[in-house]
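K.L.:
Sending over a structure as structure tokens; questions will come in a sec.
The values are calculated or read from the model by the stated rules, or taken from the named source; none is laboratory data. These figures come from a predicted structure and were not determined experimentally. Here Cβ is always computed from backbone atoms with ideal geometry, including for glycine, and neighbour counts include all displayed protein chains. Quick note on the areas: whole protein, heavy atoms, side chains included, nothing else; ligands and nucleic acids left out. Shrake-Rupley method; radii C 1.70, N 1.55, O 1.52, S 1.80 Å.
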Amino acid sequence: MIILGIILLVIGFIAGISILWTIGIVLVAVGAILWALGAMGHAVAGRRHYW
């Protein structure tokens, strides 16, 4: 998600399309938050397995 956000940031900056810039910022921010939570050991949107 972070990589996709960075790609959209670059494309939006080069092409001058502000919506791609905005979506890229959001994706980078959400990806960084999910990555940080995963690195701390928290299950994000985890599923329970009943076996």
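K.L.:
Can you work out which of the residues in region 4-45 that are outside any helix (DSSP H, G or I) and modelled with pLDDT of 85 or more is surrounded by the most Cβ atoms within 10 Å (Cβ to Cβ)? Lay out the reasoning, then the answer.
P.N.:
Of the residues in region 4-45, the ones outside any helix (DSSP H, G or I) are 16-17, 40-45.
Restricting the remaining residues to those that are modelled with pLDDT of 85 or more gives 16-17.
Working: Gly16: 8, Ile17: 13.
Result: Ile17.
K.L.:
Looking at (1) modelled with pLDDT of 90 or more; (2) open to solvent by 100 Å² or more (accessible area, probe 1.4 Å), can you tell me which one Arg48 breaks?
P.N.:
Only one criterion in (1) modelled with pLDDT of 90 or more; (2) open to solvent by 100 Å² or more (accessible area, probe 1.4 Å) is unmet by Arg48, namely (1).
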